[in-house]
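Laboratory data are not the source of any read-out in this text; all were calculated from the coordinates shown. Bear in mind the structure is a predicted one, so any value in this text is a computation, not a measurement. A quick note on method: Cβ atoms are made from the backbone with ideal geometry, for glycine too, and the neighbour counts reach across all protein chains shown.
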Amino acid sequence: MGKNYNSALRTYLDAIYARSSSLTDVPILMESFWSGRTLPRIIDCTAKAGHFMFAAVMTQFAIPSSRIDYKAAFAYISSAVDLFLDVSALGSPNREESNDYKQLEFIWDFSILEYFMYLAKRNGEVRRINAIVRASNRPELSAVLEEQARQKFILQLQRRFLIFMTDTISIVA
């Protein structure tokens, strides 16, 4: 897709990296990036660059979590799955497929996981179904876990995701 969107996304990632002290202080991003208008812009730029799974994962970063845009998240996941199926039908190797499975480990919102499961079942993607089940069964996402421990886990996921995204986007761009 558009090189300009990849460049803009790279700029956003560089700003996130600098603002969070090389991604060691992710909580500071909650105040400056995730709670304002910046997050929707980053998500939009990510989707327009063709990185639909990254965009879907980032929708979870909304503060407070009641502001998650599920309609957009579901649309991004649908686009990622459609892109994967289109490329698979052509018999082309798809680098995004392996990233797809890797990105499942960064999804902590059960509504997003359930929608992904619906699409995987509809398309008969057994490998993806198994990956979604593993992502859903993480003990850190248990409802009986203390909220403070759960939030700490989510911050760790955000940090790991941002590192993964930064590394992946620099390869793609």
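Quick notes
- DSSP-assigned coil residues among GluC sites (Glu not before Pro) in the stretch 119-173, each with at most 13 further Cβ atoms within 10 Å: Glu146
- Spin-label pair Lys71/Ser7, simplified geometry with 7 Å Cα→Cβ offset, distance in nm: 3.2
- Potential extension, Arg19-Glu105 segment - 0.36 nm per residue separation minus Cα distance: 28.5 nm
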